[in-house]
1. Provide the net charge surrounding VAL189, with neighbours chosen by a C-beta distance below 12 Å and charges set as Lys +1, Arg +1, Asp -1, Glu -1.
2. With just the Cα atoms of region 48-140, tell me how far they stretch along each of the three principal axes, in Å, largest first.
3. Compute the signed sum of charges (Lys and Arg +1, Asp and Glu -1) over the other residues within less than 15 Å, Cβ to Cβ, of PRO363.
4. Can you compute the helix-only [θ] at 222 nm over the chain? Use -39500 (n - 2.57) per DSSP H run of at least 4 residues, normalise by all residues, nearest 500 deg cm²/dmol.
5. If you place +1 on the Cβ of every Lys and Arg, -1 on the Cβ of every Asp and Glu, and leave all else neutral, what size is the dipole of the chain about its Cα centre, to the nearest 20 Debye?
6. Give the carbon-plus-sulfur fraction of the accessible surface of region 48-140 in %, rounded to a whole number; probe 1.4 Å, heavy atoms of protein chains only.
7. For region 135-167 and region 55-125, write down the distance between their C-alpha centroids in whole Å.
8. If Rh is defined by the Kirkwood formula over all Cα pairs and Rg also comes from Cα, what ratio Rg/Rh do you get for region 260-418?
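The values are calculated or read from the model by the stated rules, or taken from the named source; none is laboratory data. What you see is a predicted model, and the numbers here were worked out from it, not measured in a lab. FYI the Cβ positions are ideal-geometry reconstructions off the backbone, even for glycines, and counts take in every protein chain you see. Ligands, DNA and RNA are stripped out before the accessible areas are found, and what is left, the full protein with its side chains, is counted by its heavy atoms. Shrake-Rupley method; radii C 1.70, N 1.55, O 1.52, S 1.80 Å.
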Amino acid sequence: MWCQRLLWLLRGRRGSTGRHQPWLPRTPRPILAAPARYHPTAPASPCCAWQLHQDHLELRYGSTVMRLDFVWLRDHCRSASCYNAKTNQRSLDTASVDLAIRPQAVRADEATLFLTWPDGHVTRYGLEWLARNSYEGQKQQVMHPRILWNAEIYRQAQVPSVDCRSFLETDEGLKEFLQNFLLYGIAFVENVTPTKEDTEILAERISIIRETIYGRMWYFTSDFSRGDTAYTKLALDRHTDTTYFQEPCGIQVFHCLKHEGTGGRTLLVDGFHAAEQVLRQAPEHFELLAKVPLKHEYVESVGGCHNHMIGVGPVLNVYPWNNELYLIRYNNYDRAVINTVPHDVVRRWYHAHRALTAELRRPDNELWVKLKPGKALFVDNWRVLHGREAFTGYRQLCGCYLTRDDVLNTARLLGLQA
């Protein structure tokens, strides 16, 4: 799996001695009066055992070995005096915890760890909770389960569109739509009345609409009313939007209201699938694309629109604890002058960028879709790149950007992992 391979890469390279140089500092050796040994919870529970070290507790539960800092164990206490279970908020003042704290007593049974602190306070932890929430447990999990795809994988999956009425009026239809969106990064709603007002109602079913320099809901034609290539009839290469924002917009909605002409098909590419191929073939390229910060820029002075936006970040963005990819920022139109890295890194970055671009442009990774009135498309702008072939005639789209937090919140309220 790509996240385990990247974890190995980021933890460091082997030095001249041949010994592994870890990414994080090594855990201090235990200082004990007697040789270290595990304390089993009970004869009937061989799956759990613990061992005290100078500044942390080492806990083995099932196949997971956790190293839990004493301050962390005190800080995360879920007792009534430390944590408000009604609001799910911490009550304990973290700054009041002694950074040299150490439990006076430790014991465990088949399901629970008990720690008694110097002031007599007792903390209880469920072993399952610790296994899920420890660093060691988290790095084995993914935040957002996904199905990576190329054109053939997506077609064979036969992912259904959701009917507009079911989407708007039932939790079942909304849940089916969101599950498709979370897994594939794209989802369609059919039988939408082809107006901007109805598209707005559709979007607001799952999120607050994010107002940007393009407004709240926008019409999209080839009149060059904005200083952007998208407002022409020219073809657009694959890209993600708003890379020049400090936080790129999370979801984009497209709805074709009218097209009297030819061409104009929409191109969709799973950027995470392409990135995984780069990781497999050249992990050093993946690492560089995940570490080198770049500027993206939007400069506009057309009519009454005057904007100068700058966003900074690497092409690939990963969670540091499990190296799961969560955001791709790829737009060759808006990438600014590369002046954030020294000369000895620039050439290596270009090689890495070329490797990713080659994967993104592989024909078998391209999913072409003809948007027609009544069919709305939702795109995960943090994952899926979109583009367009050139067209003739009059073509009008409407759409908007959605706040990512609200979409994920809606999904969680329906019981989905997001």
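1. My count for the surroundings of VAL189 gives -1.
2. That gives 33, 29, 23 Å along the principal axes, largest extent first.
3. Net of charged neighbours comes to -2.
4. Dividing the helical sum by the residues of the chain leaves -7500 deg cm²/dmol.
5. So the dipole magnitude of the chain works out to roughly 1260 debye.
6. The value for region 48-140 is 47 percent carbon and sulfur by accessible area.
7. Using only Cα atoms, the two centres lie 36 Å from each other.
8. Reported Rg/Rh, Kirkwood definition of Rh: 0.99.
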